[in-house]
Structures are given as C-alpha cells and as structure tokens.
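The values are calculated or read from the model by the stated rules, or taken from the named source; none is laboratory data. On a predicted model such as this, the values are computed, not experimentally measured, just so you know. Cβ placement follows ideal geometry from the backbone for every residue including glycine, while neighbour counts extend to all protein chains displayed. Surface accessibility is based on the protein's heavy atoms, side chains included, excluding ligands, DNA and RNA. Shrake-Rupley method; radii C 1.70, N 1.55, O 1.52, S 1.80 Å.
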Amino acid sequence: MIKGLELALILLASAVLVVVLFRRLNLPPLLGYLLVGVAIGPHALAWVPDTPLAHNFAEFGIVFLMFTIGLEFSLPRLTQMRRLVFALGGMQVAATGLVLLGVLVAAGIAWQASFVIAAAFAMSSTAIVMRMLAERLELETPHGRAAVGVLLFQDLAVVPFLIVIPTLGYGGEALAGALALAALKALAVLAVLLYFGPRAMRLWFYVVAQRRSRELFIINVLFIALGLAFLTELAGLSLALGAFLAGMLISETEYRYQVEDDIRPFREVLLGLFFVSMGMQLDPRVVGDQPVTVALLFAVPMIVKFGVVAGLARFLGQTPGAALRTALSLAQAGEFGLVLASVGALAGALPANLYQAVVAGMLLSMLCAPFLIQHSDRLALRWSRSEWLLRSLELHQVAVQTLAREQHVIVCGYGRTGQHLARFLERESIPYVALDLDPDRVREAAAAGEEVVYGDASRREMLVAAGISRAVALVVSFLDTPAAIKTLARAHELSPSLPVIVRTRDDGDFERLSQAGAAEVVPDTFESSLMLASHAMLMAGIPVHRVFDRLRDIRTDRYRLLRGFYPGASDEPSDLDEAAQPRLHSIGLEQGAYGVGRNLAELDLAALGAEVTAVRRRGIRAEEPGPETRLKAGDVLVLLGRPDALAAAETRLMKG
C-alpha cells in the first residue's frame, strides 16, 4: 500500500513537470493538474491505487477548493451587483438546469440522476474564468462584469444544492422527509451565515490576532476551514459545504485581507490539489466504453448553456458582442459542478458509470474553456458584425491613452518603486505612462485614476503604443535583469537616443546592464547603504553639508566602491506584518449603494480608520476631497487604511 510520503512525492514531481510543460505551451496549469490526476490515478498508471488514503486526499482537495472560493465571496459585492447576480445569474442557473433536466429525463435517465447532472452542468468554472478574464484585463468590461455576476450567484446557489443532493438517494416517503429535514438545515445554515457567523468569527479572529503570531494565525485559518467542514458532516451535510461556509464567514470579517495574503502562496497548490483529486476519480476505460454518452454530455450542456446565457444577456440589454463573449466565458462546466457530481455519486443518486461519463464531459468542457475565452473576441467579431469597431478600439487602447502625451516618462513596472516614482513625477507635473503585467494591480490603479495600462514593456509593439518616440526617458523599475535587458534592446532599437534608467537588486548586474545600454543603473543595496551611512554620520555629529558632499562624491564615482559584498540570510527581509500595514484600495459605487447621495462628512469613514485620498468621477481625479464632497453613482473612491478599516469602510459604503 502506498504511504503518505510516497503519495506526496509522486504528486509533487508530477505537478512540477506538468506546470513547466503547460506554462511553456501557454495553457492553464489547472488543466495539467487534471491530466496528472488521470495519469497517476488508480484507473490508469495506478501509481496512486484506489485506497482510503486516495479517497481522503480527494476529499481534502474538495474541502480546500471550496474554502478558497468561499473566501472570495463578498456580500457587499453581491449587494452592489444584485441586478447582474440575481437577474442574469438566477435566470441562468434556473433556465440551464430546467432545460437540461427536461432533456435528460426525456432521454430516459432517472430524475434524481438528471437533477444532479443538470445542477452540476449549470455551474461554470470560477477558477478558469476569473483567471482568464483577469489576465486579459476584462473583469471590468461589460461581459466581464456579467460573468462575475453569474459566478457570484452560482457560488450562492451551490449552498442549497449541497444540502438537497445528498437526500436524493432516498426513495418514496423517506425522500420527502429527507428534503424537509434538508430545508430546516438550510434555514439554520443561512441563519448562522448571515447573523451569528460573522460576529463569532470576528471575535475569534480578534483573540487570535492579539497574539501577534503569523504561525498561529495560519494554523487558526486551517482549523476554521477543517473544523466547520467536520461540523457540517456531523450534521449530515457535506464537508464541502462546511469549508465553503468557513470561507464565506471569514470573507465578511476585517481579517479577510490578511487571510488572503497568508494563503496566496498556497492558493495554486490548493486548486491543483483539487484538480488532481478530480482527475484521479476518472476511469478512462469506462469512458472508452461509452464514447457517445461522453460526447453528448460534453457538447449538449455547452450548447444549451451558451444559448441560455447569450439569450438572457441580450434580453437584459447587453450588446450582441458582449452577450456572445459572456456566453463563451460561461459555457463550460466548473469546479462546483465536479463537487456536486461527486456528492451525488456518494449519495447514490448518480450511478457509477454515468458519473464517470459526466466527469469526463465536464473535464472536456473545462479543457475547451481557455481556448473559447482566448478566442472570444475573434468569434464575437465573426458572429456579430457590429463588433468590428470594438476590436479596433481594443487594439489601440494603449496608443489612445498616450496619443496626446509629449515629453513623457515611460515607467516599466508599477510596483512600490514604480508607484513612488509616479508620485514624484505627478508633483512636478511631468506626464508619464506606466506599464505593468499584474492585472490586479493595474485594475486597482486604473480604477483610482492612475495612468497605468496592462502591457509587457519588453514587447516592441507595446513600447510603440506607449509613445516611446515622444518620450523623454524610460525607467525600468522591476527587478528582473533578463527582462530589463530585453526591454533595453527594444527601446534602443526604436529610439536609440532615449535615456533608459534601470533598477537592479545589487551591483552584480551593473556591468551587464551598462553594456546593454542603460544610461543609469541604480542598485537597491548600494542606495540603501548610502542612506544608512548618511544617517550614521549625522548621528555621529558630522555637519550636514559634509554628509551631502560625501554622498555627491560617491554617486559621481559611478558606484565603484561597493561592487562586491558579503551576502547573508538577512539580505532578503520578509515583511511578516506587511498584511497589517496601511494600503490603498479603490471602491466603485453603483446605483443603489448606501454611499450614493451622501457626503463624506455623513459617511464619516475617518471614524473607521479609512481616509479618502481621492475621488474619480467621469475620468477626472479630484485630490483631497473635502467633507462636503457628495458621492454619485459611478464614483470611484481611493481609500487609505489598514485592512480591517478598509473592510469596514467598504461595508458602510455598500450597505450602511
């Protein structure tokens, strides 16, 4: 029998290989995890045989997936997007489920199994859709917002499904009694979730946070996730439901930011764990025995869901192109569907052979999802002639933003260093445009009115669109020497006389970057040592003018004194308390939000510890808004504060 350590080594080695391969092929690694699970599972190579350990592993995969998805759930966001969530999302789940239920029952499948399959295929992949839309910077587009709204409702709809499906294994009068009991359990769960849960969770996390131990905090997060999963199982519900509720409860506290920061390094691992566990449950031999069934379960639900979503989106006022993009984004099955199918199989409502075919059809649709989203523009343009202009505008998005700029600075990388640089430039009224590859950072900064666009600075066409021929300087603020050298080559190819300033971690790459054409190379370690030396000399009584003279002489010498250093473990500090530090966060207000129509004095966000640093209205950014500033629908507020203050301020702005 395979041991736990052997299982872990097999999974880690397989995961490393498949992630490297899929990254090279520009495919989502999550799909690679699925194939790993199929290959090493008990039905293929049997490296992981069909043992209790493998089943426990699969359950843990589901638990952690549901916890991470529940953590992303936001009741304020649900309230703000209620029209998209409950109108489009509610009708999508209901219509898709009813159509598929009718088709399956007409095909001769028992209604219990048909119900499980219809519910499962009504769900879409949150992990794949959110990742692809974020990478393509489409979360704030009309089709992106519609897709997010539908996914939010699906997150909510999974709760009653997880309660009802385990009762479908009963028959006759027992089924009616089980459904009645499930309804009572559902009411109890919602009561805990909406009233008692957040209060108890906030109090418990406060007690843990007071100990100021990051290890204890992380252990507590795992305890909450597994503990609630255990409690719901004791109550006759599923492990997955408890884990999802744990994530939702934490998401309603001010500690959610720190929890997100703490689990971010493990997020992909947890998602990979789930997809590997799902792949391990698939039996290729059973699938091979019923290829027609698998093909139908792959094609029919995707076609039905595509038609339903596209039709509903058009009915609710979306343009033809946006409706098609929304439908292409949501046509696939998802993680929730795999969970519901697994719960249905365990409850006896879904026969084993049919379960294998359902999982195979869902996995095939998920394999197609990245390609459908990636080519959604091309397909929308082909199917909707009115969208050709939108495509042209998207291709020139960056160029339009920089078209009117002359004598500007191009900032490559909008991390902390890039943001500090941008603020210095703003104070001197020097125009700039920043390029960054982090979609979350770009979305936050752009919503706050910053001059930031999503783009790879090492690509020739991106630098052309950023107006490199009209720029006065280019600054590489990220710490990636190979990418910086590539950017230098592209910049000098397009504008040989343009001065390029490059940041580097230490002086080890000074010569390489200088030879590549950098006008200035600024090592972090050297500049920090100069600041330490200047402060030390001032404390020792050296006159200020002598300190400044010494610093000027050293910098004039072009960084020749400290080319080498003695490395040590302390050279890479880890900011353990970074999650608790003040941060900027942008919040958009839609019609119906509590803050609309009220001024900042009425809202009194300062009492919560959040400072309103700017308000953007119709593309115009107002610095230092006053207490009399009255908020309108469509405003974007830029808040500064600690994570707990930001969470409280967002709740007040959305719900009061």
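A few comments on the model shown:
- Taking the conditions (1) buried (at least 21 other Cβ atoms within 10 Å of the Cβ); (2) more than 17 Å from Leu372 (Cβ to Cβ) in turn, Phe315 satisfies each one other than (1).
- Enumeration of residues in the stretch 318-340 that are open to solvent by less than 40 Å² (accessible area, probe 1.4 Å), in a helix (DSSP H, G or I) and more than 22 Å from Asp155 (Cα to Cα): Gly321, Ala322, Leu324
- Annotation: Ser497 fulfils all but one of (1) at pLDDT 85 or above; (2) farther than 18 Å from Val411 by Cβ; (3) not in a helix (DSSP H, G or I); the unmet one is (1).
- Residues that are crowded, with 18+ Cβ neighbours inside 10 Å and either touching a strand residue (DSSP E or B) at 6+ places or on another chain (Cβ under 6 Å) or hydrophobic (A, V, I, L, M, F, W, C) (or both) within the stretch 93-108 comprise Val93, Ala95, Val99, Leu100, Leu101, Leu104, listed in sequence order.
- Matching option when the condition is out of contact with any Cys (no Cβ under 8 Å at 6 or more places or on another chain) and surrounded by 16 or more Cβ atoms within 10 Å (Cβ to Cβ), among Arg416, Arg490, Arg427, Arg460: Arg490
- Filter result for the condition that a residue is among the β-branched types (Val, Ile, Thr) and farther than 18 Å from Thr417 by Cβ, over Val522, Val472: Val472
Conditions (1) within 18 Å of Met302 (Cα to Cα); (2) open to solvent by 10 Å² or more (accessible area, probe 1.4 Å); (3) within 20 Å of the chain's Cα centre (by Cα), marked per residue:
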residue: Ala110; (1), (2), (3): no, yes, no
residue: Ala113; (1), (2), (3): no, no, no
residue: Ile117; (1), (2), (3): yes, no, no
residue: Ser124; (1), (2), (3): yes, no, yes
residue: Arg145; (1), (2), (3): no, yes, yes
residue: Val150; (1), (2), (3): yes, no, yes
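- Within the stretch 317-330, the set of residues being within 12 Å of Gln92 (Cα to Cα) and aliphatic (A, V, I, L, M) comprises Ala327, Leu330.
- Among residues of the stretch 405-437, those that are assigned to a loop (DSSP other than H, G, I, E, B), within 19 Å of Leu498 (Cα to Cα) and of a type in the set (A, V, I, L, M, F, W, C), counted: 1
- Just so you know, in the stretch 618-631 the residues that are surrounded by 14 or more Cβ atoms within 10 Å (Cβ to Cβ) and modelled with pLDDT of 80 or more include one that is nearest to His585 (Cα to Cα), and it is Leu631.
- Total residues in the stretch 10-50, condition of a type in the set (Gly, Ala, Ser), more than 28 Å from Asp289 (Cα to Cα), open to solvent by less than 40 Å² (accessible area, probe 1.4 Å) and without any contact (Cβ under 8 Å) to a residue 24 or more places away in the chain: 0
- Test: residue in the stretch 466-474 that is more than 37 Å from the chain's Cα centre (by Cα) and either farther than 28 Å from Asp438 by Cβ or among the polar types (S, T, N, Q) (or both): no
- Here Asp507 fulfils each of the conditions (1) surrounded by fewer than 17 Cβ atoms within 10 Å (Cβ to Cβ); (2) modelled with pLDDT under 75; (3) within 37 Å of the chain's Cα centre (by Cα) apart from (1).
- The stretch 249-274 - residue that is at pLDDT 80 or above and of a type in the set (A, V, I, L, M) and, of those, nearest to the chain's Cα centre (by Cα): Val259
- Of the residues making up the stretch 438-465, those that are under 17 Å from Val502 (Cβ atoms) and hydrophobic (A, V, I, L, M, F, W, C) number 2.
- Check on Val343, closer than 23 Å to Thr68 by Cα and open to solvent by 10 Å² or more (accessible area, probe 1.4 Å): yes
- Of all the numbered requirements in (1) assigned to a helix (DSSP H, G or I); (2) modelled with pLDDT under 75; (3) under 22 Å from Ala341 (Cα atoms), Leu237 misses one, and that requirement is (1).
- Of residues in the stretch 350-383 being part of a loop (DSSP other than H, G, I, E, B) and open to solvent by 10 Å² or more (accessible area, probe 1.4 Å), the one modelled with the highest pLDDT: Pro351
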